[in-house]
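What follows is a short report on a single structure.
We did not get these values from a lab; they are worked out from the coordinates using the rules stated. Please read all numbers here as calculations on a predicted model, not as lab measurements. All Cβ positions, glycine included, derive from the backbone under ideal geometry; neighbour counts span all protein chains shown.
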């Protein structure tokens with residue numbers, strides 16, 4: 001989303017809507033988060049207090065990996081934010097701001113559902129798809145030694 005500052009000064013206010021292609025907004029995260037299509041964004045820019053102010057609203061569908069079961073799922077995010085640019089700049093370019101606010105709108109621990117059961121600690125089967133067949137006896141933990149520790 002690129003607007004010439006001179007156009008904003010001349011018009012007094014500029015409104016713009018754009019479908020930003022996913023290739024223009026690289027979302028590089030370790031868990032392979034990716035955009036599922038173009039990001040719909042709208043921008044309203046005007047001059048206030050000697051600077052260019054823009055109010056931006058974006059909408060995107062993002063593919064994430066669940067933190068418990070590792071299955072991929074879709075999440076729709078709708079960040080809204082503002083951008084300030086000095087009048088001395090030639091352009092107001094909000095693409096990187098849109099990308100950053102998309103990243104900020106992602107959950108810290110993405111879950112496909114609140115009731116996600118995760119993976120079996122022994123065999124790694126997704127427990128959301130049914131029981132795994134592993135014996136239900138307690139799995140030995142490295143912390144079991146602490147149970148026999150006597151405190152004075």
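Using Cβ counts within 10 Å as a stand-in for footprinting exposure, how do 33, 88 rank, fewest first?
Least to most surrounded, the residues fall as 88, 33.
Among 152, 117, 147, 2, a tally of other beta-carbon atoms within 10 Å of each Cβ gives an order, fewest to most, of 152, 147, 2, 117.
Using Cα atoms only, what is the angle between the long axis of helix 95-104 and the major principal axis of the chain, expressed in degrees (0 to 90) to the nearest 10? For 95-104 against the chain, the angle is about 30 degrees.
Between the beta carbons of residue 115 and residue 31, assuming R0 = 25 Å, the FRET efficiency works out to 0.75 to the nearest 0.05. Working value for the chain: equivalent-ellipsoid semi-axes of 49, 18, 11 Å, each the square root of 5 times a Cα gyration tensor eigenvalue, largest first. Packing-based ranking of 122-134, 45-57 yields 45-57, 122-134, ordered from highest to lowest mean Cβ neighbour count within 10 Å.
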